[in-house]
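The values are calculated or read from the model by the stated rules, or taken from the named source; none is laboratory data. Only a predicted model underlies this, so the values are computations on that prediction, with no experimental measurement involved. Cβ atoms come from the backbone with ideal geometry, glycine included; neighbour counts cover every protein chain shown. Each accessible area value is taken on the protein alone, full model and side chains, heavy atoms only, with ligands, DNA and RNA left out. Shrake-Rupley method; radii C 1.70, N 1.55, O 1.52, S 1.80 Å.
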Amino acid sequence: MLGKLLVALGVVAASTVTLLVLAARAGLLSLTCTATVLSIVVLVSLWRTLEPTEHLLLEDLKKLAKITDTDNFANKEYTVEDVERYYTGTTFRDYKLLELATGCNAMHTNLVPSQKLPFLANHLKQLLYVMMNMRNCSLPSNVLEVGFGKGSNSVFLRSLKPSGANFFALDVVPAHVKYAKAYAAGLGYDDIEFHLGDASDPPSEITANTYDLIFGVESFCHLDNDKMVEGFLSFASKQLAPGGKIVIVDGFRADNFDQLSTETRRAMELSESGFRIRRMPSKALWKKLSARKGFVSLDDIDLTLESLCFWKLGWKLGHIVLFLPSLVGRYLRKGGERAETFANLVSVCMTAYAMALGSANYGVLVLEKVA
């Protein structure tokens, strides 16, 4: 594969050189301009062929070690307060770059199908899995979103005007609650109930209801130890109607995580820590703990390849930034919210490695409460 890439690069470079030299001889371009354009062509070609390999992972780990103590960074025991601080500092700043790049207010991964399909679902595909599991809800029905961020997912589902469906949402970040309420009200959907609270121990406003569907898009990963997962499942087992479902669309630690190389595991640990996650639950853990609470695994869909395209783009940018470790270090030492931005950079640099090398996967897990 590498040989083919090098041959392709050689063909592109040779063709470009020939054209530019001819243009220079004809007086259409100066030699300086020719060299500049050639350099850009070569860099773009290299950019397009970059892949997150184990060799490059080792290089990036060394560069990160020059900026911060990676052992300490990867092994912190984060709390709900740390998660709140992270999103308070990044949702309306760092994630704004994501919105500008994708044109979408949602905060989750932009999926790119591995094969050509009639439609490009992008950010919408995750919600299609939620919608598929809403169709069998009894009417009237109650739908709960865990970790709503800006509120985009619940607002979109509510905009479809499902007959008899009531929407509730829960998040640990006060700034998210404030923004989502205003965002939904501005679109005429002030009947969505956005609440502040932790899904592992929900507030009374949430526990007072019975639900037909509970879902989360890239939020259940913050239930990052057995106790928190069990706390949420205890709530769900009590408050879900018989036959009710939990739809988890998220990243997961690989089931065979402990058998992987130290470097591959470290990529996932750094990715998790950048997002202020201690240990992302695996699908196997979700299935084991949910079975104890009376759930069965109804669906298990792997979307790792579709999500990897998105994460590789961020990785390429991060990989370039890491060529300037001293500059990144100076930025980090200024403190404040820059620490959270640096954490984002670490996650962006490491997530593609974790997915490509097998310590992480991305997909959908649907759990159903046994009637």
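State the number of residues belonging to the stretch 263-288 that are part of a helix (DSSP H, G or I) and either touching a strand residue (DSSP E or B) at 6+ places or on another chain (Cβ under 7 Å) or buried (at least 18 other Cβ atoms within 10 Å of the Cβ) (or both).
Residues meeting the conditions: 14.
Please verify whether the stretch 175-194 includes one or more residues that are small (Gly, Ala, Ser), at positive phi and within 22 Å of the chain's Cα centre (by Cα).
no
Take Tyr78 and tell me if it is of a type in the set (Phe, Trp, Tyr), over 17 Å from the mean Cα position of the chain (by Cα) and under 20 Å from Phe232 (Cβ atoms).
yes
Please verify whether Pro113 is of a type outside the set (D, E, K, R), in the same structural domain as Ile192 (by the TED database) and more than 22 Å from the chain's Cα centre (by Cα), treating the condition exactly as stated.
no
If only one of Leu127, Leu111, Leu144, Leu120 is more than 25 Å from Val173 (Cβ to Cβ) and either in contact with a helix residue (DSSP H, G or I) (Cβ under 6 Å, 6 or more places away or on another chain) or of a type in the set (A, V, I, L, M, F, W, C) (or both), which one is it?
Criteria check complete, one pass: Leu120.
Could you list, in sequence order, the residues of the stretch 103-124 that are buried (at least 21 other Cβ atoms within 10 Å of the Cβ) and assigned to a helix (DSSP H, G or I)?
Within the stretch 103-124, none qualify.
Give the stretch 167-200 a look and list any residue that's open to solvent by less than 20 Å² (accessible area, probe 1.4 Å), assigned to a loop (DSSP other than H, G, I, E, B) and not aliphatic (A, V, I, L, M), or say none.
Listed by number, the list holds a single entry, Gly197.
Considering only the stretch 330-367, state which residues are closer than 25 Å to Asn122 by Cβ and touching a strand residue (DSSP E or B) at 6+ places or on another chain (Cβ under 8 Å).
Thr351, Ala354, Met355, Ala360, Asn361, Tyr362, Gly363, Val364, Leu365, Val366
Scan the stretch 38-46 and give yes if some residue there is among the β-branched types (Val, Ile, Thr) and modelled with pLDDT of 60 or more, otherwise no.
no
In the stretch 242-262, what residues are assigned to a strand (DSSP E or B) and over 14 Å from the mean Cα position of the chain (by Cα)?
Pro242, Gly243, Gly244, Lys245, Ile246, Val247 - these are the residues of the stretch 242-262 that are assigned to a strand (DSSP E or B) and over 14 Å from the mean Cα position of the chain (by Cα).
Residue-by-condition table, conditions (1) of a type outside the set (Val, Ile, Thr); (2) in the same structural domain as Thr90 (by the TED database); (3) at pLDDT 95 or above:
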position: Cys309; (1), (2), (3): yes, yes, no
position: Phe323; (1), (2), (3): yes, no, no
position: Val328; (1), (2), (3): no, no, no
position: Tyr331; (1), (2), (3): yes, no, no
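From the list Asp250, Asp226, Asp212, which residue is surrounded by fewer than 19 Cβ atoms within 10 Å (Cβ to Cβ) and in contact with a helix residue (DSSP H, G or I) (Cβ under 9 Å, 6 or more places away or on another chain)?
Every option except Asp226 fails the conditions.
Suppose we keep only residues that are modelled with pLDDT of 95 or more and in a strand (DSSP E or B) within the stretch 144-166. Which one would you say is surrounded by the most Cβ atoms within 10 Å (Cβ to Cβ)?
The selected residue is Leu144.
Consider the stretch 61-75. How many of its residues are under 19 Å from Thr351 (Cβ atoms), open to solvent by 90 Å² or more (accessible area, probe 1.4 Å) and either under 19 Å from the mean Cα position of the chain (by Cα) or among the basic types (Lys, Arg) (or both)?
1
Considering only residues of the stretch 201-241 that are under 22 Å from the mean Cα position of the chain (by Cα) and among the β-branched types (Val, Ile, Thr), which is farthest from Thr79 (Cα to Cα)?
Ile214
Would you point out which residue out of Phe342, Phe310, Phe323 is open to solvent by 60 Å² or more (accessible area, probe 1.4 Å) and in contact (Cβ under 8 Å) with a residue 24 or more places away in the chain?
None of the other options fit; the residue is Phe323.
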